[in-house]
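Written below as structure tokens is the structure these notes are about.
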Amino acid sequence: MRIEDLQEEDLEDIVEWFDVGVFRFFKEPINVEKLRILLPLVENKRPSRIAKKVVDKNSAKIIGFVSSTIDWDNNMMHIRTLCTRPGYRCKGIGLFMMDEILKICFDVLKLHRAQLFVDEWNSAAVSFYDKLKFHKDGLMREAVKINNQYKGWYCMSMLAREWERRSIVD
């Protein structure tokens, strides 16, 4: 697999398998127009959004993507979306994407912090980020209303010094 910048023409493919239920900031029906917010963006000669796609070398099919925003005032990346195409999950693609986006965060952009939010009930995702050595900063209790029930999510983060130690140890 290889990693490349996510392009506008890729959204036509992604819209077919994008899971709106996992990414609540998108409302159904999902369409290409709504997904444009994932695309890379440069403002004042610096990236404010970074988005990468993973392409299967054999089929040339997009098999995953990751999108993040940069908060330059706080020297931080917020990883907003990590999504793998159905049929390709649990095959190391998420790990590959996270490794690549964290390299950009810490090694290229020299940011101080990477953070993300993950639903408290999504134990597979929480476990995945735990394995990547993300720290649980806290639970935002009853932060979102889904189907008339309040649910929470964890804020998880990694600091630059933790990334450096992680690279040495792992």
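The values are calculated or read from the model by the stated rules, or taken from the named source; none is laboratory data. In this text, all values refer to a predicted model and were calculated from it rather than measured experimentally. Note: ideal-geometry Cβ built from the backbone for every residue, glycine included; neighbour counts use all protein chains shown.
Can you tell me which residue in region 128-170 is farthest from MET76 (Cα to Cα), limited to those that are polar (S, T, N, Q) and surrounded by 11 or more Cβ atoms within 10 Å (Cβ to Cβ)?
This residue is SER167.
Within region 83-119, track down each residue that is charged (D, E, K, R) and either surrounded by fewer than 17 Cβ atoms within 10 Å (Cβ to Cβ) or in a helix (DSSP H, G or I) (or both).
Result: ARG89, LYS91, ASP99, GLU100, LYS103, ASP107, LYS110.
Please count how many residues of region 17-48 are at pLDDT 75 or above and either surrounded by fewer than 10 Cβ atoms within 10 Å (Cβ to Cβ) or within 30 Å of ASP73 (Cβ to Cβ) (or both).
Here the count works out to 16.
If you go through region 39-82, how many residues are out of contact with any strand residue (DSSP E or B) (no Cβ under 6 Å at 6 or more places or on another chain), in a strand (DSSP E or B) and touching a residue at least 24 places away in the same chain (Cβ under 8 Å)?
Residues in region 39-82 being out of contact with any strand residue (DSSP E or B) (no Cβ under 6 Å at 6 or more places or on another chain), in a strand (DSSP E or B) and touching a residue at least 24 places away in the same chain (Cβ under 8 Å): 1 in total.
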